[in-house]
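Accompanying notes for the structure given below.
The values are calculated or read from the model by the stated rules, or taken from the named source; none is laboratory data. None of the values given here were measured: they were computed from a predicted structure. FYI the Cβ positions are ideal-geometry reconstructions off the backbone, even for glycines, and counts take in every protein chain you see. Only protein heavy atoms, including side chains, enter the accessible area calculation; ligands, DNA and RNA are left aside. Shrake-Rupley method; radii C 1.70, N 1.55, O 1.52, S 1.80 Å.
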Amino acid sequence: MKKRKMIAFLLTFAMIVTSLTAWSTAYAEEAVDETAAEAVDETVDETAAETVDEIVDEAAEEAAGETDELSDALDAPIEDLLGEAQEGLEELQEEIAQQAQDAAQQIEDAVGEAEGVIDETLAEMEAEAQEVMDGASDLLDQFTDGLEDAQTELEAEISETADEAAAAVDEAVEAVEEAAPEMDFAAMMAAAAEAAAAQAEEDARAAEGADFQAEAAAIYVSGYEWGPGVNKVIFTLADAVDTVDAEGAIVNTNSNSRTVTAAYLSDEKGEPAEGESTYVTLELETNNSVNGSPFVYDFMVTFMNHWADTYPVIACFKAGGQTVGFNGDCIDSRICPSAEAFANRGEHTGDYVNPMTGETESITLRYAAYEPEALVNDGAKNPLIIWLHGQGEGGTDPDIVLLGNEVTALSEEPIQGYFTTEGGANGAYVLVVQAETYWMDGGDGTNGAGDNDSRYTEALMDAIQKYVDSNEDLDTNRIYLGGCSNGGYMTVNMLVSYPDYWAAAYPNCEAYAFYQFASAEGDGSAMGGENSFGASQERWMTEEKIEAIKDIPIWFAQSADDTIVIPAAFGLPTYQALLKAGAANVWFSLFETIQGVDDPTAQYMGHWVWCYLFNDCITKVQDPAAIVEAEDESYGFVPSNDGGGSISAVVDGVTYDNIFAWMNAQSK
């Protein structure tokens, strides 16, 4: 490094000396010129005799001598400096050449090492790649073998399925060919309506041609498992008659031709009478297919039942030896003895906070109560059975509740006979309460999903308490709460909200959701059907709610083929959770299907489990031990149409073979 700096200095110094030499020469020439000029001037002035040439020569010689002396003085240092610079430059070139040679050798050594590493790495990569390729080849062979096996199995299944499908198609084609006239439902309905209208016109002509006309007629409405039916028509005659003949009698109710099964003289209520009478009763065959129901179900707006606007009755029969005719509207002339037995009618109105809007609103609930004459004045405490209606029975007329689901059976035998009282007589009070919309209404007037608070919770409790307080002979330790579907939801909701009030509960196809449902747009139910919502994994029937109700005696009932309230989303997991929480006196009757009892030929939709309740068919229960241990989607249930289970309910060593006998024994 020092040599390089010295060489640079010497080169710089040489350049400076060279510059000085050039400057000195120029300066000497300039000095000569000035001296010569001065000499000429002086010579001219002082001695004109001297010639200009002598002066010039003398000055030139003098200047040349000075220049030679200066040049000699500078030549020696420059040569020395240039020599040293040349030597330093040669040494630097040799040093650079050596360094370049050393660097070339290092590069050559590094390249050799790199080539070795590359060769080694490539060898390792080739080995790993070969290993992966070998593994992939093995997997491919396995996949190919599996694919071949699957293809063989699939071809066999396809062949089998194709054979089955072909057979099914053949059967379907045969069935379609046999039932072709029935396949066009709209055409079938139109044809039926046309035939019914033609029959009504024919019956009307017969009635018009009778010897005389009845003055009035009344329809006799009874509750059945499918709903209300008209099973009698009571005619009022101007004059008393002593005979009536059912043979050849014609009766058409609400455009339905009816079969007359009996005819007799009666009182105005349709009860048989002795001797002459101005009342004639014709009994009609009534079943699920032909029942002359005076109810109309609103499928478009409310999804509720209501009385028909008109109910035409046409009749022609023989009485007193003459033909009697009638053709008139009887919707406002109806007799409903079973509903009339619920004679105590009233309502409860109060202001309550809407759970959805948070605003205060006025709510009115209507009720009807059956109060057995033998119990009203017996001076003893008596049990109370409460029934909460389903979706289709809301409104402002409790008769819709009583007749829509055969609730009147609670006031009749054999059910009344199961209940004993302190006074010794059998029987129980029965209270039905009606909401104007739906028990599952969360506050907006629509049917909820079963995972919401009801706008009627507090109002219902107040209505029940109001009725209980007004009847001192009711035993507050024996109040039994039940209902179906919407009413089943409300039953469980009231258990959760007021767990200490009830002696027992009997929810049917209860719609109190176990899990919360995901929200969805549009109308419809959160339960079964096309508009159903999907359940989330967040529980609505929480562990806290289970703990609150686990000590209440409860007997659930449902059918496994219920497509409206899916058992696995409602009752089944709730029941299992109760058992796992330690509930000892809770039971579940699960049926396979709903077979008719009032009409043995009928099979109803699986939602209608109340048919078994009101026909006193809930006699057995599912095995709690199997349900506690179950981990599959069945929850350990085994549906059975033999009473709803395989065993009897046993409480404290006492066996109960009927839900009502069990209910009667429950007391707080």
*What are the residues whose amide H is under 5 Å from the amide H of GLY606, where those residues sit 5 or more places off or on another chain and H is modelled from the backbone?*
THR563
*asked:* If each residue of separation counts as 0.36 nm, what is the full-extension length gain between SER648 and GLU95 once their alpha-carbon separation is subtracted?
replied: 187.7 nm
*In Å, what is the Rg of the alpha-carbon atoms in region 210-290, and how long is Dmax?*
12.7, 39
*Within the set of other residues whose C-beta is less than 10 Å from the C-beta of THR619, count the net charge using Lys and Arg as +1 and Asp and Glu as -1.*
-2
*Which of ILE627, PRO639, ALA665 sits farthest toward the positive end of the charge dipole of region 577-668, with +1 on the Cβ of Lys and Arg and -1 on the Cβ of Asp and Glu?*
ALA665
*Roughly how big is region 185-341's charge dipole about its Cα centre, with Cβ charges of +1 (Lys, Arg) and -1 (Asp, Glu), in debye to the nearest 20?*
400 debye
*By how many nm would the segment from GLU268 to ALA196 lengthen if fully extended, with 0.36 nm per residue of separation less the alpha-carbon distance?*
23.0 nm
*For region 524-668, rounded, prolate or oblate, judged on the Cα gyration tensor with a ≥ b ≥ c (square roots of eigenvalues), a/c < 1.5 rounded, else prolate if a/b > b/c?*
oblate
*Taking the Cα centre of region 369-524 as the origin, how large is its charge dipole in debye, to the nearest 20, when only Lys and Arg (+1) and Asp and Glu (-1) carry charge on their Cβ atoms?*
340 debye
*Do the alpha carbons of any pairs in LYS466/LYS545; LYS232/LYS668; LYS466/LYS580; LYS232/LYS620; LYS269/LYS318; LYS232/LYS466 sit beyond 32 Å of each other, and which pairs?*
LYS232/LYS668; LYS466/LYS580; LYS232/LYS620; LYS232/LYS466
*Heavy-atom accessible area ranking, 1.4 Å probe, most first, across LYS381, LYS668, LYS545*: LYS668, LYS381, LYS545
*Measure off 7 Å from each Cα along the Cα-to-Cβ vector at GLU631 and ASP211, then give the distance between these two points in nanometres to one decimal.*
8.2 nm
*Residue separation times 0.36 nm, minus the C-alpha to C-alpha distance between GLU87 and MET461: what's the value?*
122.5 nm
